[in-house]
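Data first, discussion second: the structure below is written as structure tokens.
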Amino acid sequence: MTQAKKIPSSFIYFFGSFGGILFGYDIGVMTGALPFLQHDWHLENNAGVVGWITSAVMFGAIFGGALAGQLSDKWGRRKMILLSSLIFAIGSLLSAFSPNDGQVYLIAVRVFLGLAVGAASALVPAYMSEMAPARLRGRLTGINQTMIVSGMLLSYIVDYLLKGLPEQLAWRLMLGLAAVPAIILYFGVLRLPESPRFLVKHNRLDEARQVLGYIRSKDEVETELTNIQTTAGMESNVQQSTSMKTLLSGKYRYLVIAGIGVAGFQQFQGANAIFYYIPLIVEKATGKAASSALMWPIIQGVILVLGSLLFLVIADKFKRRTLLTLGGTVMGLSFILPAIMNALIPNFNPMMIVVFLCLYVAFYAFTWAPLTWVLVGEIFPLAIRGKASGLASSFNWIGSFLVGLLFPMMIASMPQEELFAIFGVICLLGVLFIRTCVPETMGHTLEEIEAQGTNKAHKA
């Protein structure tokens, strides 16, 4: 067998996580594009269409995540990331060339684009966790989150730089330029090796050994290969005996509710309402055109990136429930206090709501944003891990879709202070859920966490 050229581990980890930037870019790009699109297609008073155009990506993502999980087990992580990058690039370009007033066309294209977004959200963490050594695996979720919010910040900056163009050109370029990072990802992934875990699962042991040689020291390769073979055998047996019915059995019910509940609460807390619609929120607060408020998304993006970096530092120093309780409480108060102040103070400055939103984003960035997926990765027992994680991801995307769809309609029909107060109450309910229904996972083995769930089920 010919000795293949060694691929640097730094190259593997960079492009392995680059899909997160792609994912984040598409989440963020509509924030700046929407005000121009609204004006160009005269959608200012059509909240339903605005909601569908914005949330169509999340609707596609519900199915993209589920399909990617299934197909990556058959075709491999690498091939699916390549396919996702192509869908991303094609969907972005098709969005840019939307016919005038082509609302149905754009919604359909963005659903197609959402397949890639959902796939990226599932594939990138899976690939990275299977490639990284055990000592780095704990921070992977945080690194993935940093790449996502960096992608969001990049899209906000691009939107800001293009805001001076004619409106019919500005939003098309904003959406179309998402193809650039997609193409970069495609050519980067062409050089990436397949996951050794996938290769072992398909009895391609020589290839798995070669890949491990890229990312491990020589004395680690055979030991890890043996461990992967053992684990793959166990998981194969488990998967054959697991059904969706198993998720709802008494033994696992407590942990399934905990994991899915956290994933659902993360989206219904209203974060995506801010990320997608901050220019429109500022417009309603100030009366100035949303297209002139594109500096605010950049501010939010910087806060998100700094928050994700802070999480990397504190991730293993504070308990999961402590951070989620702190974050959820401050987030809830950040939404509720403007409504109280507006009711009590006669000349309340409506821009104060935007200041409180920044506080919300700051605490969300280092608590609920990354920790949701840390918990989802830790809380599900081996017997149900694959199916339960997929279900949690689907609930998360459903929440994201509903918030993106309904927010424009809700903000058109009620004061935004009252609307955000509703999200604030949901944040506080999330804290209550954390304190009563979610076990502490930090410092516990997966077996200990499973035992906690079993004990709770027996007591119930």
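Could you list all residues from the range 257-295 that are in a loop (DSSP other than H, G, I, E, B), hydrophobic (A, V, I, L, M, F, W, C) and under 25 Å from GLN145 (Cα atoms)?
Across the range 257-295, the qualifying residue is only LEU294.
Answer yes or no as to whether PHE335 is in contact (Cβ under 8 Å) with a residue 60 or more places away in the chain, within 23 Å of ALA421 (Cβ to Cβ) and crowded, with 21+ Cβ neighbours inside 10 Å.
Spelling it out, PHE335 is indeed in contact (Cβ under 8 Å) with a residue 60 or more places away in the chain, within 23 Å of ALA421 (Cβ to Cβ) and crowded, with 21+ Cβ neighbours inside 10 Å.
Hey, any hits in the range 371-392 for a residue that's at pLDDT 85 or above, out of contact with any strand residue (DSSP E or B) (no Cβ under 8 Å at 6 or more places or on another chain) and not aromatic (Phe, Trp, Tyr)?
Within the range 371-392 (the criterion being at pLDDT 85 or above, out of contact with any strand residue (DSSP E or B) (no Cβ under 8 Å at 6 or more places or on another chain) and not aromatic (Phe, Trp, Tyr)), the answer is yes, since at least one residue qualifies.
Within the range 91-105, restricting attention to residues that are touching a residue at least 60 places away in the same chain (Cβ under 8 Å) and of a type in the set (A, V, I, L, M, F, W, C), which residue is surrounded by the most Cβ atoms within 10 Å (Cβ to Cβ)?
Selected residue: ALA96.
Looking at the range 243-256, is at least one residue modelled with pLDDT of 75 or more and surrounded by fewer than 20 Cβ atoms within 10 Å (Cβ to Cβ)?
Looking through the range 243-256, at least one residue is modelled with pLDDT of 75 or more and surrounded by fewer than 20 Cβ atoms within 10 Å (Cβ to Cβ).
Out of LEU419, LEU406, LEU391, which single residue is part of a helix (DSSP H, G or I) and without any contact (Cβ under 8 Å) to a residue 60 or more places away in the chain?
Unique residue meeting the criteria: LEU419.
Out of the range 312-340, which residues are at pLDDT below 90 and under 16 Å from THR372 (Cα atoms)?
Scanning the range 312-340 gives LEU312, ILE314, ALA315, ASP316, PHE318, LYS319, ARG320.
Which of the numbered conditions does LEU175 fail, given that it passes all the others? Conditions: (1) at pLDDT below 90; (2) crowded, with 19+ Cβ neighbours inside 10 Å; (3) touching a Ser or Thr at 6+ places or on another chain (Cβ under 8 Å).
(1)
Within the range 40-50, is there a residue that is of a type in the set (Val, Ile, Thr), in contact with a helix residue (DSSP H, G or I) (Cβ under 7 Å, 6 or more places away or on another chain), surrounded by fewer than 24 Cβ atoms within 10 Å (Cβ to Cβ) and at pLDDT 90 or above?
Yes, the range 40-50 contains at least one residue that is of a type in the set (Val, Ile, Thr), in contact with a helix residue (DSSP H, G or I) (Cβ under 7 Å, 6 or more places away or on another chain), surrounded by fewer than 24 Cβ atoms within 10 Å (Cβ to Cβ) and at pLDDT 90 or above.
Select from the range 285-297 the residues that are at pLDDT 80 or above and surrounded by fewer than 17 Cβ atoms within 10 Å (Cβ to Cβ) and list them in ascending order.
MET295
Take the conditions closer than 28 Å to ALA258 by Cβ, at pLDDT 85 or above and of a type in the set (Val, Ile, Thr) and apply them to ILE303. Does it pass?
So ILE303 does not fit the description; no.
The values are calculated or read from the model by the stated rules, or taken from the named source; none is laboratory data. What you see is a predicted model; the values in this text were computed from it and never measured. Neighbour counts are summed over all protein chains in view; Cβ atoms, including those assigned to glycine, are modelled from backbone coordinates with ideal geometry.
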